[in-house]
Amino acid sequence: MAFAAFASSDAAVTKPPRRKSTIALVLLLPGILYMVLFFLTPLISLVITSFQAELPGGDIGEYVPALQWQNYVDSASEYLPHILRAFGYALVATVFALIVSYPIAYYIGVKARRWPLLQSMMLTLVIAPFFISFLLRTLAWKQILSDESPVVQALKAVAILPADGHLTGTPFAVIFGLTYNFIPFMTLPLYTTLERLDTRFLEAGSDLYANPATTFLKVTVPLSMPGIISGTLLTFIPAAGDYINASRDFLGSSKTAMLGNAIEANFLTLQNYPVAAALSIILMAVILILVGVYVRRSGTEDLL
Amino acid sequence: MTAPPLETSNPSPERAAAPRPRRRFAGLGLPIYVTLALVFLLIPIAYTFVFSFNDSAKSNIAWRGFTFDKWLTVCNEPGLCEAFGNSILVGVVATALATALGTAIAIALVRYRFRFRSSISLLLFLPMATPEVVLGAGLAAQFLALGTQKGIVTVILAHTMFCISFVVVTVKARVASLDPALEEAGRDLYGSPAQVFWRITFPLLLPGILAAALLSFALSFDDFIITNFNSGAVDTFPKFIYIAAARGIPAEANVVASAVFIIAILIVVVSQVSRSARQKRLAKLG
């Protein structure tokens, strides 16, 4: 391995560089080796699997190494609705989560600064959903939004929902669940940047006769951009790959199945490994491209 | 960006008075909204907790009266306590492994300069930017290719992998805030490298390491997607719920989730109180 040429760190003038390099190597090697074995090579196996062909005359789930580009064409065309739903639902859920979270983060980070106890109590409440099982809190919403629930009865009584309407099993319920489940991921990074926001900039805005809305759009939002970027990424990426909310037993139906549902079904039920692998690679590639473009556009490359 | 000296720019008294009347109306909307939003976030938690006391028969959907029984006889539900035990075992082992490996990486990344530094950072960042379903399917494809039998070991291997990145991020911040002069002082006083590490570096890093371990355990305990791809016939607590969801969740699952919730909140509150007490002590000293 080429770890041999470690340069000495700025803090370590007193020590000979070679000795430092051995320590750094000993510290790095086990963990990096682990990540290569259980993160990098699995991705490569996924790529190899995605090109496999069916074993002629073989059983279900038996494949041979091949270079079948056709797998990508077939799975992308067969599962195009799932792909579009995954990124569409994730996008809408991310926007909703941002709209819901920003005022919460702003209040905790800026307005509640004078009361540290209130601040930490509210932060605890924001992360509280993390401590109850992800699946159970989604199932709780399924019951609350179910056809027999008072919520649905009330919506029907005021004719917002037609008499034969449902909430569960609709795109609305799936997006609702995605939004709810990832709100803490959005709120925390927003809070971290807003907590450091220098309120003198806001005073400067109003001194220069900007109304509160202009000050918010021209001062607060640009200054909290790092939080907005990491919050939207932390929400969008898991939401695009999620298959719990869209699953039939949870908030979705067969009409709301997302890319994650297709990957799960092909891998674990149908044993159609090449299709599952090709869909996974598509998901990963689209996310990496979107993230790359998004981060570059917003000019915060140092975030990565 | 540096803040210009704004205080002196407009010394007129009207400026201080101007925002007052607006704040009386606009200032109330935000707290009300935030309160409602926090209540909204807590609804499913309250629901889960309340329905852990439901005197339900098979599925736990309609309210059929209050009972403590489910709390007292949790393990009567077949498979539940076994799945819970598996979750604890996986969480503890994966956390220990990930914390050890990740802390070592974090120290190396902050303290030493070496080649391939940016590729190593990328290797550690990528798992956090990869959807869980891809991580899960990738590992499952690798175990399939190698002919590995899926079980609790493969679950532990998978969980350790995604926890390492989070440990590195958490501990790195702590290492970066550490004053190297303290370790130099230790070396100046003829401390051996091992002594300097265990007597100075490690105690100073401990809060960061503990935070990373707690985060790892929480991530591992609640993980479903990666587990589902790599567990074979073994159930963890989330997988138990996923399988039960098709036929109706027993109230006993709500009991386990509520108990875990209470313990987790207690840990958070205790650590917050002790931290603020420590800060007060330090403020007094300073």
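The values are calculated or read from the model by the stated rules, or taken from the named source; none is laboratory data. Here the structure is a predicted model, which is why all the values come from computation and not from measurement. Here Cβ is always computed from backbone atoms with ideal geometry, including for glycine, and neighbour counts include all displayed protein chains.
Looking at (1) buried (at least 19 other Cβ atoms within 10 Å of the Cβ); (2) not in a helix (DSSP H, G or I), can you tell me which one A:Gly31 breaks?
All conditions pass for A:Gly31, except number (2).
Here is a yes/no grid of residues against (1) surrounded by fewer than 19 Cβ atoms within 10 Å (Cβ to Cβ); (2) facing chain B (nearest Cβ under 10 Å):
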position	(1), (2)
A:Tyr89	no, no
A:Val92	yes, no
A:Ala105	no, yes
A:Arg114	yes, no
A:Leu118	yes, no
A:Met122	no, yes
A:Ile127	yes, yes
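Output the residues belonging to the range B:4-60 that are touching a Lys or Arg at 6+ places or on another chain (Cβ under 9 Å), modelled with pLDDT under 70 and surrounded by 11 or more Cβ atoms within 10 Å (Cβ to Cβ).
B:Pro4, B:Leu6, listed by residue number.
Being crowded, with 18+ Cβ neighbours inside 10 Å and in contact (Cβ under 8 Å) with a residue 12 or more places away in the chain narrows it down to one of B:Gly79, B:Gly102, B:Gly138, B:Gly151, so name that one.
Just a single option satisfies the conditions, and that option is B:Gly102.
Among the residues in the range B:124-131, are any assigned to a helix (DSSP H, G or I), at pLDDT 95 or above and buried (at least 22 other Cβ atoms within 10 Å of the Cβ)?
If we filter the range B:124-131 for residues that are assigned to a helix (DSSP H, G or I), which is where we start, we get B:124-129.
Then drop every residue that is not at pLDDT 95 or above, which leaves none.
No, the range B:124-131 contains no residue that is assigned to a helix (DSSP H, G or I), at pLDDT 95 or above and buried (at least 22 other Cβ atoms within 10 Å of the Cβ).
How about the range B:108-123: which of its residues are buried (at least 22 other Cβ atoms within 10 Å of the Cβ), at the interface with chain A (Cβ under 7 Å from one of its Cβ atoms) and of a type outside the set (Gly, Ala, Ser)?
B:Tyr112
Just need a number here: residues in the range A:242-268 that are over 19 Å from A:Leu167 (Cβ atoms) and in a loop (DSSP other than H, G, I, E, B).
Qualifying residue count, the range A:242-268: 1.
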